[in-house]
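Heads up, the thing below is written out as structure tokens.
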Ligand SMILES: CC(C)(COP(=O)(O)OP(=O)(O)OC[C@H]1O[C@@H](n2cnc3c(N)ncnc32)[C@H](O)[C@@H]1OP(=O)(O)O)[C@@H](O)C(=O)NCCC(=O)NCCS
């Protein structure tokens, strides 16, 4: 079967109500994504949000189209495979933001799977990104077994937590600042501003696609295609009255069972705001349990509680998978805290990051150069992606047989890669 692989931007006009109306090919592309993820067909408000965001983000919509569609095909002009990418930034620590090539909406119609369509789209997309000078690519995954073969390694993780906020709840010390409830549908500017400050300070954070404020504020609810009328929000003010954190949540009830407060998004630019918002959430009456599926792996809340056993981790989830495209640019931008050097051999089945590199760190900055010498430590590019932000250590991956190298070289590499904290990415996309 022959396929025509094409790429296009998101194209739309604006109607009298200011709504984005996609052209036919753009709408078909988004409807193919909805089908690929078994979602309902997209309706006008959802298309408005998705298309407007894709246009604002300068996204490339890739599709595979049948050159010879059979009669009674679903729609001969609808792609049988989709893949979207756009460029934003990754916080790599040390106050630096690295350009990041972000990939999502990867689908292949069941009748065309396992014929290499994903591989073709991925190879074209990553090659173009590397040729355009992007040092790193990222995606989130539906299944853990798909993307290692393309050089991606899991790099950040989130905790799903459940907090008992019954009468036993209390913080060891009262949180500072002040919390007020706000109209969730009217706080998009606050959401953008607080996230920007979070993104600037937190290693591991990826910048958010442009649709995010619509979802965080509940102005768009994918399940109803309408504003979410159950959404509530609160903001935290610091001592000077500046907003430095927000929470967006819903209170849900299963039949006559107990009510549960489910946090949709909680982002803060300070530790006071984080604990202050939790103190507020725990004080919401008629609710005895709060859930949050985006908590950091090292969560200050757990240790701020008078009784840490009120805090349970219900699941761990890998979030961002990284793929190094340019070893020199990526490693030179990274945060380093230990001086030292190593000759690193990177293996890459796609050839993009393959080579031997001398990494020399002095005064928290790395100088990275290609080398013809024998590497001291050899690793796969997927392992480099997992190590990059410090989400996992060399010591652990050594025990998983992820390296070749002498004990001495591996000890040196382990010290060199050390970072003081684990990364925190609060964004799924
Ligand atoms: C996942 C999906 C995009 C794969 O597309 P595809 O066109 O069938 O993939 P390809 O034929 O290009 O396969 C590429 C490689 O990935 C492997 N692969 C594909 N899907 C896989 C899966 N679900 N699990 C493990 N391996 C998988 C193939 O075996 C092949 O391996 P090889 O090249 O080493 O031999 C497709 O099955 C799909 O649309 N799934 C539902 C939506 C989804 O999960 N999307 C991913 C969102 S992150």
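The values are calculated or read from the model by the stated rules, or taken from the named source; none is laboratory data. As the structure is a computational prediction, the values presented were derived from the model and not from experiment. Note that each Cβ is placed from the backbone with ideal geometry, even for glycine, and that neighbours are counted across all protein chains shown.
The table below gives the values:
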quantity	calculated
Meets criteria (in the same structural domain as residue 165 (by TED's automatic domain parsing) and touching a residue at least 40 places away in the same chain (Cβ under 8 Å)) for residue 303	no
Meets criteria (touching a helix residue (DSSP H, G or I) at 6+ places or on another chain (Cβ under 9 Å), surrounded by fewer than 13 Cβ atoms within 10 Å (Cβ to Cβ) and under 16 Å from residue 135 (Cα atoms)) for residue 382	no
Some residue of segment 266-287 being part of a loop (DSSP other than H, G, I, E, B), at pLDDT 95 or above and under 23 Å from the mean Cα position of the chain (by Cα)	yes
So residue 40, is it in contact with a helix residue (DSSP H, G or I) (Cβ under 9 Å, 6 or more places away or on another chain) and surrounded by 14 or more Cβ atoms within 10 Å (Cβ to Cβ)	no
Candidates 176, 145 - the one that is within 16 Å of the ligand (Cβ to nearest atom), surrounded by fewer than 17 Cβ atoms within 10 Å (Cβ to Cβ) and at pLDDT 95 or above	145
Residue 158 within 15 Å of the ligand (Cβ to nearest atom) and either crowded, with 21+ Cβ neighbours inside 10 Å or not assigned by TED's automatic domain parsing to the domain that holds residue 26 (or both)	no
The listed residue being farther than 27 Å from residue 100 by Cβ, within 16 Å of the ligand (Cβ to nearest atom) and out of contact with any strand residue (DSSP E or B) (no Cβ under 8 Å at 6 or more places or on another chain), out of 35, 31	31
Residues of segment 76-91 that turn out to be away from the ligand (no atom under 16 Å from the Cβ) and in contact (Cβ under 8 Å) with a residue 12 or more places away in the chain, as a count	6
All strands (runs of 3 or more DSSP E) inside segment 1-44 with 2 or more residues being within 20 Å of residue 109 (Cα to Cα)	3-8
Test: residue 419 is part of a loop (DSSP other than H, G, I, E, B) and either more than 18 Å from residue 158 (Cβ to Cβ) or at pLDDT 95 or above (or both)	yes
Hey, residue 141 within 27 Å of residue 224 (Cα to Cα), touching a helix residue (DSSP H, G or I) at 6+ places or on another chain (Cβ under 6 Å) and not assigned by TED's automatic domain parsing to the domain that holds residue 211 or not	no
Options 28, 19, 62, 52; residue that is modelled with pLDDT under 95, more than 30 Å from residue 366 (Cβ to Cβ), surrounded by 13 or more Cβ atoms within 10 Å (Cβ to Cβ) and outside the structural domain of residue 330 (by TED's automatic domain parsing)	19
Odd one out for residue 106 among (1) surrounded by 15 or more Cβ atoms within 10 Å (Cβ to Cβ); (2) closer than 14 Å to residue 321 by Cα	(2)
Selection status of residue 296, closer than 19 Å to residue 185 by Cα, in contact (Cβ under 8 Å) with a residue 12 or more places away in the chain and out of contact with any strand residue (DSSP E or B) (no Cβ under 6 Å at 6 or more places or on another chain)	no
Residues that are touching a strand residue (DSSP E or B) at 6+ places or on another chain (Cβ under 7 Å) and not in a loop (DSSP other than H, G, I, E, B), drawn from segment 55-64	55, 60, 61, 62, 63, 64
Cβ-Cβ under 8 Å pairs, at least 6 apart or on other chains, segment 126-148 side without any contact (Cβ under 8 Å) to a residue 40 or more places away in the chain, far side near the ligand (Cβ under 9 Å from one of its atoms)	146/118
Whichever residue in segment 92-136 is touching a helix residue (DSSP H, G or I) at 6+ places or on another chain (Cβ under 6 Å) and assigned to a strand (DSSP E or B) and, among such residues, is farthest from the ligand (Cβ to nearest atom)	96
Which numbered condition residue 67 misses (of (1) away from the ligand (no atom under 16 Å from the Cβ); (2) touching a residue at least 60 places away in the same chain (Cβ under 8 Å); (3) under 21 Å from residue 204 (Cα atoms); (4) in contact with a strand residue (DSSP E or B) (Cβ under 6 Å, 6 or more places away or on another chain))	(3)
